[in-house]
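A.B. asks: Got a structure for you, questions after.
We did not get these values from a lab; they are worked out from the coordinates using the rules stated. Everything numeric here is computed off the predicted structure, so don't read it as measured data. We place every Cβ from the backbone using ideal geometry, glycine too, and count neighbours over all the protein chains shown.
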Amino acid sequence: MEKQVDILFSRGLDITNSTEVRQKIENIGYFKLKGYCFPFYDQKDHFSSGITFDQVYESYVMDQKLHLCLLGLIVRVEAQVKSRLGSFLALKYGPLCYLDEDFFRASEYQSSFLNKMTDDEAKAENRHELYASHYRGTYENTFPIWVAFEMCSLGTLSKFFSDMKTADQKAFSRNIYGGVTNKRLENWLHYLTLVRNCCAHNSRTFKRSFATYPKFSSEDLEFCPNLATKSVFSALYILSKLCFSQNYYQSCIDELKADEQAYSHVSLHDWGFPDNWYDILK
């Protein structure tokens, strides 16, 4: 561990207390910490002038705070979308609508979903989910749409929505989310899946651009130009539009504001946040 501290020092990192740094590296792991060093390099394996260990460490700590905030909100929104979409489809087409060969936009989409359902059922059984064994035993492995959604991941839900017929996408988006278009909702679910996976695997979101651009209306982009970036901030803005638990959402934003004030060596600008982010999100 002492050697790793020496490596950081030799690469130009300002270290004032090597004992404290060693303890923090033991808790984080050198390889994990190194991922947060890269954005501070001015050349290969060398830090920009004046970069301190506290800056690198607090970028990691703030990232952990954001991961917890995002995961909590995404899980809440995922449950709400599943509940509302399941009810919408069951009332319109019946609880086994996804078994109708004409339900999806193409037959291969149905095959893909059914194959994924088989995998999800096996995972639910491995988790000892009682509802999975109940429907498998009592209803001969026939799962109504709301049970199918309960078993599936956010990624599967996102794919399911994109494979629905356009008319159903539009009706659901209009009835449930008002001014959110079906194409925007499809994009948002995919974007939240990328963010969720990154947070769930504890990957760095500090100074990270995701693989997909989030889609926003021209009014939203004029209101907040930072939404044009593939950042964590864009995900929080999306969540503000999709989360029906506004008190919960507000508590998450309040906690994030407190974290920003607590860690003076980092700025939320590095996660795509504008100066007035709190007023925009609340």
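A.B. asks: From the phi angles alone, apply the Karplus equation (6.51, -1.76, 1.60; θ = phi - 60°) to segment 181-194 and give each ³J(HN,Hα) in whole Hz, x where the residue is Gly or Pro.
C.D. replies: 6, 5, 5, 5, 5, 4, 5, 5, 4, 5, 5, 5, 5, 4
A.B. asks: Taking 2.2 N^0.38 Å as the expected size of a compact globular protein, what ratio does the Cα radius of gyration of segment 44-128 give against it, to two decimals? It would help to have the intermediate numbers written out before the result.
C.D. replies: On the way: Rg = 22.1 Å, N = 85, 2.2 N^0.38 = 11.9 Å.
Output field value: 1.86.
A.B. asks: Once you have the Kirkwood Rh of segment 226-282 from its Cα pairs, apply Stokes-Einstein at 25 °C and 0.890 mPa s and quote D in µm²/s. Show your work: numbers first, answer last.
C.D. replies: Details: Rh = 11.8 Å.
Stokes-Einstein gives a translational diffusion coefficient of 209 µm²/s.
A.B. asks: Taking segment 2-51 on its own, what percent of its Cα-Cα pair distances exceed 17 Å? Mind dumping the intermediate values first?
C.D. replies: Details: 350 of 1225 pairs.
Here the tail beyond 17 Å accounts for 29 percent of pairs.
A.B. asks: For an R0 of 25 angstrom, estimate the FRET efficiency from the Cβ-Cβ distance between ASP42 and THR229 and round to the nearest 0.05.
C.D. replies: According to the calculation, E is roughly 0.65.
A.B. asks: To make sure I understand the rule: partners must be aspartates and glutamates, Cα under 15 Å from the Cα of LYS44, and not fewer than 8 residues away in the same chain. Which ones qualify?
C.D. replies: Result set, ordered by chain and number: empty.
A.B. asks: Moving on. I'd like the Karplus ³J(HN,Hα) series for segment 108-118: coefficients 6.51, -1.76, 1.60, θ = phi - 60°, whole numbers in Hz, and an x wherever there's a Gly or Pro.
C.D. replies: Per-residue couplings from phi come out as 5, 5, 5, 4, 4, 5, 5, 5, 5, 4, 4 Hz.
A.B. asks: Assign one of three labels to segment 148-239, namely rounded, prolate or oblate, based on the Cα gyration tensor with a ≥ b ≥ c the square roots of its eigenvalues; rounded applies when a/c is under 1.5, prolate when it is not and a/b is larger than b/c, and oblate otherwise. Show your work: numbers first, answer last.
C.D. replies: Numbers: a/c = 2.52, a/b = 1.15, b/c = 2.18.
Oblate is the answer for segment 148-239, as a/c is 1.5 or above yet b/c matches or exceeds a/b.
A.B. asks: Right, another one. Quote to one decimal, in nm, the extra length available between GLN4 and SER218 on full extension: 0.36 nm per residue of separation minus the C-alpha distance between them. Before the final figure, lay out the partial values.
C.D. replies: Working: separation 214, 0.36 × 214 = 77.04 nm, distance 4.85 nm.
Separation in residues times 0.36 nm, less the Cα-Cα distance, equals 72.2 nm.
A.B. asks: If each DSSP helix of 4+ residues adds -39,500 (n - 2.57) and the sum is divided by the residues in the chain, what number results at 222 nm, nearest 500 deg cm²/dmol? Walk me through the numbers before you get to the answer.
C.D. replies: Details: 14 runs with 185 residues, N = 282.
After summing the helix terms and dividing by residue count, I get -21000 deg cm²/dmol.
A.B. asks: Amide H neighbours of THR52 under 5 Å, counting only residues 5+ apart in sequence or on other chains, H built in-plane at 1.01 Å?
C.D. replies: ASP14
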